[in-house]
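One structure is given here, and the rest of the page talks about it.
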Amino acid sequence: MRELRLLDGSLGLGSRVRIVQPRLRPMVWTVIEFVVERELTWTAKAAGVVTTATHSLRPGTDGTTRLRLGLHQRGLLAPVLTALLERRSRHYVELEIDGLRAAAEAPLPQ
């Protein structure tokens, strides 16, 4: 990710975030569901396609935290866009997972 910029103060329901990723157009995401430290769902619209991404944290039975990411696209051009960008989208999701894991497993500052 090249840029992530919060456009409306703090992150919460209704806030907007501008994200720039390599080889993709900049997109503005709007938060449509938000539960602090539990869930974030946001949506972005471009080229007749609405993309919804979900980030959900849940406690595991063994004291760990489980992360679930979801990505859904709808609209007239969604099947075409999904076919064209599926590999790149999967790669970006894997990078996001790796980054979140590294941050979660990093030692706390002293």
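No value in this document is a laboratory result; all are computed from the given coordinates. Not measured: the values here are computed from a predicted model. Here the Cβ positions follow ideal geometry from the backbone for every residue, glycine too, while neighbour counts run over all protein chains shown.
Annotations for the structure displayed:
- Residue order, fewest to most surrounding Cβ atoms within 10 angstrom, among 72, 55: 72, 55
- The range 91-110 residues near the modelled residue 24 label - backbone nitrogen below 17 Å, point 7 Å along Cα→Cβ: 91-100
- Label-point gap, in nm, between residue 110 and residue 66 - each point 7 angstrom along Cα→Cβ: 3.7
- For the chain, the mean residue ellipticity at 222 nm estimated from helices alone is -9000 deg cm²/dmol, where every DSSP H run of n ≥ 4 contributes -39500 (n - 2.57) and the total is divided by all residues, rounded to the nearest 500.
- Spin-label model, residue 55/residue 86: points 7 Å from Cα along the beta carbon direction are separated by 2.6 nm.
- With Cα atoms, 0 to 90° folded angle of helix 78-105 axis to the chain main axis: 20
- Rounded FRET efficiency, nearest 0.05, which uses the C-beta distance separating residue 47 from residue 101 and R0 of 41 Å: 0.85
- P(r) of the chain over all Cα-Cα pairs, binned every 5 Å from zero, in whole percent: 2, 10, 17, 24, 21, 14, 7, 3, 1, 0, 0
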